[in-house]
Amino acid sequence: MLNHIVLMGRITHDLELKTTQSGVSAITFSIACDEDYKPKDGGDRDVDFIRVKAWRHTAEFVSKYFSK
């Protein structure tokens, strides 16, 4: 069974595609995801920062089509 997750948020910094010594593409970035609910006291929503790492073709796709 394969795990699958969908995250929607804002990219927190500019993306930089890197290549390992063996020629494999990799990219690491963080996204900021707002929580769905507001606190009862009327304060601001909490934000979760999620670190994402992509390899090979996925890394190249992210680098090409995503931006801050």
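The values are calculated or read from the model by the stated rules, or taken from the named source; none is laboratory data. Fair warning: this is a prediction, and the values are worked out from it, not measured in the lab. Glycine gets a Cβ as well: all are built from the backbone with ideal geometry, and neighbour counts include every protein chain shown. Surface accessibility is based on the protein's heavy atoms, side chains included, excluding ligands, DNA and RNA. Shrake-Rupley method; radii C 1.70, N 1.55, O 1.52, S 1.80 Å.
Numbers below:
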item: Answer from Ser22, Ser30 - the residue that is touching a Lys or Arg at 6+ places or on another chain (Cβ under 9 Å) and of a type in the set (Gly, Ala, Ser); result: Ser30
item: Residue count for the range 28-44, restricted to those that are open to solvent by 50 Å² or more (accessible area, probe 1.4 Å) and assigned to a strand (DSSP E or B); result: 1
item: Where Lys18 falls short, out of the listed (1) open to solvent by 100 Å² or more (accessible area, probe 1.4 Å); (2) out of contact with any Ser or Thr (no Cβ under 8 Å at 6 or more places or on another chain); result: (2)
item: Qualifying positions in the range 45-65 - open to solvent by less than 90 Å² (accessible area, probe 1.4 Å) and in contact with a strand residue (DSSP E or B) (Cβ under 7 Å, 6 or more places away or on another chain); result: Val47, Asp48, Ile50, Val52, Ala54, Ala59, Glu60, Val62, Ser63
item: Total residues in the range 33-60, condition over 16 Å from the mean Cα position of the chain (by Cα) and under 16 Å from Val6 (Cβ atoms); result: 1
item: Top-ranked residue of the range 43-68 - restricted to ones that are of a type in the set (Gly, Ala, Ser) and over 13 Å from Gly9 (Cα atoms), ranked as modelled with the lowest pLDDT; result: Gly43
